[in-house]
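Read the figures in this text as sums done on the coordinates, not as results from a lab. It should be emphasised that the depicted structure is a prediction, and the values quoted were computed from it without experimental measurement. Note: ideal-geometry Cβ built from the backbone for every residue, glycine included; neighbour counts use all protein chains shown.
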Amino acid sequence: MPAKIEGCLDIYLELSSQYLIITYLVTVRSDLYGRADNKLLAAKEKSMGYDLHITRKEEWFEDEGAEITLDEWTDYVRSSPDMRLDGYAEAGTPNGALRIESEGLSVWTGYSGHEKDGNMAWFDYFEGNIKVKNPDDEIIKKMYQIAVALDAKVQGDECEVYGADGQSNWKELKAAGEAMRASMSKKWWQFWK
């Protein structure tokens, strides 16, 4: 298991450099135009977002593995009384509207923080997974319910898995990583010796 954790974190770091630029631009735009309440754009207080994924893959970012199809996702959303398939998100700016389109972009209308023109719990279909940016505990619990219905799991950017209570196995992963580091004969800065 420690090797899998190391691989997962390496790939996450590689991917995060790409997402950092995109998230930074979205956050700056959010700050400039005062749309920080919109979950799709990012939280104003954070410089980088954190995604959770509903996935069937062993690790959410893998190219190989079982995927949730767009048809499965849209069928689920259409059959759920508290979900709405929008396909786009739009926010007004001083220079016009910012519009993001995604065929599987959906809103959880049953979210207690849901506001018609503000804060919304966005669920986006992307590459065989359902992605949510910066979810709170209530949204994580909803993600778990959806994952069960789709025979999937909820996994964070750093490969932690979330349960019905909204809590992750992060402490277990951290302990395994620390054990792996402790078992290494060389310190990380001595890799060339």
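Stretching the chain fully between Q167 and D151 yields a gain of 3.9 nm (0.36 nm per residue, less the alpha carbon separation).
Highest average first, the peptides 56-69, 139-152 ordered by how many other beta carbon atoms sit within 10 Å of their residues are 139-152, 56-69. Label sites at E90 and E62, each approximated as a point 7 angstrom past Cα along Cα to Cβ, lie 4.0 nm apart. Step through the table entries K141/K171; K133/K153; K142/K174, compare each Cα-Cα distance with 21 Å, and write down the pairs that go over it. Distance filter (> 21 Å) returns K142/K174.
If R0 equals 41 Å, the separation of the Cβ atoms of D75 and M180 corresponds to a calculated FRET efficiency of about 0.50. Among residues other than I100 with Cβ under 11 Å from its Cβ, the summed charge is -3 (Lys and Arg +1, Asp and Glu -1). Charge tally for Q167 (other residues, Cβ to Cβ under 15 Å; Lys, Arg +1; Asp, Glu -1): -2.
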